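Asker: Below is one structure. I have some questions about it.
The values are calculated or read from the model by the stated rules, or taken from the named source; none is laboratory data. All values reported here derive from a predicted model rather than from experimental measurement. With ideal geometry, Cβ positions are generated from the backbone for all residues, glycine too; neighbour counts draw on all protein chains shown.
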2 protein chains.
Amino acid sequence: MPETARQIADDLRARIESGELVPGDRLPGEPSLVKTYGVAKMTANQALKILVSEGLAVARPGSGTYVREFKPIRRVANDRLSKSRRDAGQSIWSADVAQRALVTDVQVYEAEAPRQIGRLLNLGPGAAVIVRSRKFVVEDRPVQIATSYLPADLVRETAIAQPNTGPGGSYARLAELGAEPVAFSEELRARMPSEEERTALNLAAGTPVLEICRTAYTEDERPVEVNQMLLDAGSYVLEYRLSS
Amino acid sequence: MPETARQIADDLRARIESGELVPGDRLPGEPSLVKTYGVAKMTANQALKILVSEGLAVARPGSGTYVREFKPIRRVANDRLSKSRRDAGQSIWSADVAQRALVTDVQVYEAEAPRQIGRLLNLGPGAAVIVRSRKFVVEDRPVQIATSYLPADLVRETAIAQPNTGPGGSYARLAELGAEPVAFSEELRARMPSEEERTALNLAAGTPVLEICRTAYTEDERPVEVNQMLLDAGSYVLEYRLSS
């Protein structure tokens, strides 16, 4: 990556951040950048790709590169996990995207727990889990893939083993089983996606992902769910509220 | 990026994850990959770079590419902000890296608050802040740049305006001023770094950064500090503990 591509990207970014270029505006195209900066067409192309990888711009093939209109999803961990929200019959996900998200590709099946998941759930070797995987789509963009694992012995006969978990979602069902999740640990990291992940989330080349692994515990500290989430980093701002 | 480079990277990643290749091992070099996969030298090079960008491998110029030995830093937000830790005279940072981190490039100065910072701190236009910036280095690697902003009217005459803030750090000093931080909000996102950030953290090309903006509030909900942190994503696992 030539330095000049980064510099051109820095200039364009500054114009977006200052408000000179607003969401929906078309960025200068390759010919215009070639002329303004005296660079090769490939360098101009790389500069635009940098802004796409940062989530600031979107490329529309055959038309140009535009300042992104998509507003990042604000994921507030604390709101998502509050009991009052569940009692009102909303699922966890509804906290951040409200009416915006479509859940697709729901798959529910029983399987042997992957080793790391079994360890997090305190299960013996070879124990079974109910796996729930789904994709979240906002404004026609896939933004997250989530895969939950719950002990099969606990939830096999419940709505958690069905595609539709009913009002309040899995956590409301767990509460009915006397296994209400009340404490959570979220581990997260950012990295470049694998090829398979890049395809599944339809990511522009050079866009990182956020990986979140959440474990849910009952009052007596029993782990009852592990949820592995993979987020398009360009689509999310995460928020955590803490007290000392 | 040719698909084959990604496929070779997937193969090597699988060998690292299975434990066949362990930390410190030398990965197959370009000539070996060229021979095994029948690809161009450039493709082999790109495959190795993918693993570097994912934080799984490190390149040693003139020697080869090795499975990374550096253990990710576990940053547990809740531990870091606990009062008992401060009372014991430890700074926030000591929670995650213990004796491992060196603080370098400390700069402390007074300046006009950047607009967004002024807004987060509820300051009027043109108000002054004390800015504290520093870099954290672990095992000779820069892993984080942190810049704190505190209202100048509150902290100008205290150790917070000095390079060494004394036992317990800035938060202990704020407590002495009757402005003890007790609630925190952390907003975070992942993205590719700017050229300047990439240089400052000495990141391999294609390595993302985690950006965390933490605001600290007193009991009466007054914001007293904003800390903007930029983390080498390959060096960190973040952990948050929550309850419903």
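Asker: Quick one: which residue in A:Ala40, A:Ala57 is over 22 Å from the mean Cα position of the chain (by Cα) and either modelled with pLDDT of 85 or more or of a type in the set (Phe, Trp, Tyr) (or both)? Walk me through it before giving the result.
Answerer: Numbers: A:Ala57 fails: over 22 Å from the mean Cα position of the chain (by Cα).
Matching residue, one of A:Ala40, A:Ala57: A:Ala40.
Asker: Taking interchain pairs and intrachain pairs at least six residues apart, which have beta carbon atoms under 8 angstrom, with the first residue in region B:43-62 and assigned by TED's automatic domain parsing to the domain that holds B:Asp11 and the second at pLDDT below 85 and of a type in the set (Lys, Arg)?
Answerer: B:Gly55/B:Arg68; B:Leu56/B:Arg68; B:Ala57/B:Arg68; B:Val58/B:Arg68
Asker: Ok, one more. Can you name the strands (runs of 3 or more DSSP E) wholly within region B:110-211 that have at least 3 residues being within 13 Å of another protein chain (Cβ to nearest Cβ)? Working first, answer last.
Answerer: Numbers: elements: B:128-138, B:141-151, B:183-191.
Hits in region B:110-211: B:183-191.
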